[in-house]
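Peer 1: Got a structure here, written out as C-alpha cells. Questions coming.
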Amino acid sequence: MSYLDRKHTSNRTATIIAVTAIEAAAIFAVVRGLTVEFTRSPAPTPLEAEQIRLDPPPAPLPSPHPTPSAQPSHQPDHTIHSRVDLGTGPILPLRPEPMPTASPMPQPTPIAVIERPQFAPRAARALGRPSGWATSNDYPARDLREGNAGVTGFRLTIGSDGRVQSCAITMSSGFPGLDRATCDNVSRRARFEPATDGTGAKVPGSYANSIHWVFPD
C-alpha cells in the first residue's frame, strides 16, 4: 500500500508539471503573436528645382485715339446734409422738409348778410299846423245848436305822395256829426311829407291825432 501511494503521488506530480509546461508554452505563443514591431521608414529625399528666368512682357503701343478715362457720372444728390466746419464757421441747419398739407376743411355755407341801412326809416310828418285842419267855422250846425262837444281821435293812411288816402275814427266823441266832420275836414286839408324806408325811398305811412270840439266863444 505504501508503494502504491508513492507511485500514485509521483504520477500526479509529473502530470501537474507537464500541464504547467504546456500552459506556459501556450501563453508565450499568444504573447508572441500579439507583439507588433514598428519600423521607422526613412525620410523622403527632398526634390531639387531650378528657377528659370523669364523676360518681361513688351510695353503696349500708344493708341492713336486715346480713350478718355471714365469719369464718374455726377448724379444729383437729393440727400440733404448738414455741414459742420469745426472752428471755422457756424453750423448750417438742415433745410426743413415741407409739411404735408392737410385736407381743406369744408367751409360753412355763407348766410345772407344784412347790410346796415344807409337811412333811418322815418314816419310821415305833417306839413303846417294840424290845428288849422278844423276850425270853429267847421262846427256842425246841428251839434252847435244841440250843444254837442267832445274829443274825436282819428288815424290817417298816408300815401307815398303825402296825401291822405283814408281816415278811421279811433276814439268817438259820442256824436256822429262831430266824428264825421273830423275825417271830412282832415282828409281835405291835411298834407304830409311821406314816410321813407331804410334806403330813403318814399313809402306809405300813417298818422294819428285827435280834435277837441268845443263851443266857440
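The values are calculated or read from the model by the stated rules, or taken from the named source; none is laboratory data. All figures in this text were calculated on a predicted structure; none of them were measured in a lab. Here Cβ is always computed from backbone atoms with ideal geometry, including for glycine, and neighbour counts include all displayed protein chains.
Peer 1: Kindly indicate whether Ala181 is modelled with pLDDT under 95 and either among the aliphatic types (A, V, I, L, M) or in contact with a His (Cβ under 8 Å, 6 or more places away or on another chain) (or both).
Peer 2: No; evaluated as a whole, the condition is false for this residue.
Peer 1: On to the next question. Which residue is surrounded by the fewest Cβ atoms within 10 Å (Cβ to Cβ), if the candidates are limited to region 149-186 and must be in contact with a Pro (Cβ under 8 Å, 6 or more places away or on another chain) and among the polar types (S, T, N, Q)?
Peer 2: Only one residue fits best here, namely Gln165.
Peer 1: Shifting gears a bit: State which residue pairs qualify: first residue closer than 18 Å to Gly205 by Cβ and inside region 147-161, second residue aromatic (Phe, Trp, Tyr) and surrounded by 15 or more Cβ atoms within 10 Å (Cβ to Cβ) in any location, beta carbons under 7 Å apart, and separation of 6 or more residues or different chains.
Peer 2: Filtered contacts from region 147-161: Leu156/Tyr207; Ile158/Phe192; Ile158/Tyr207.
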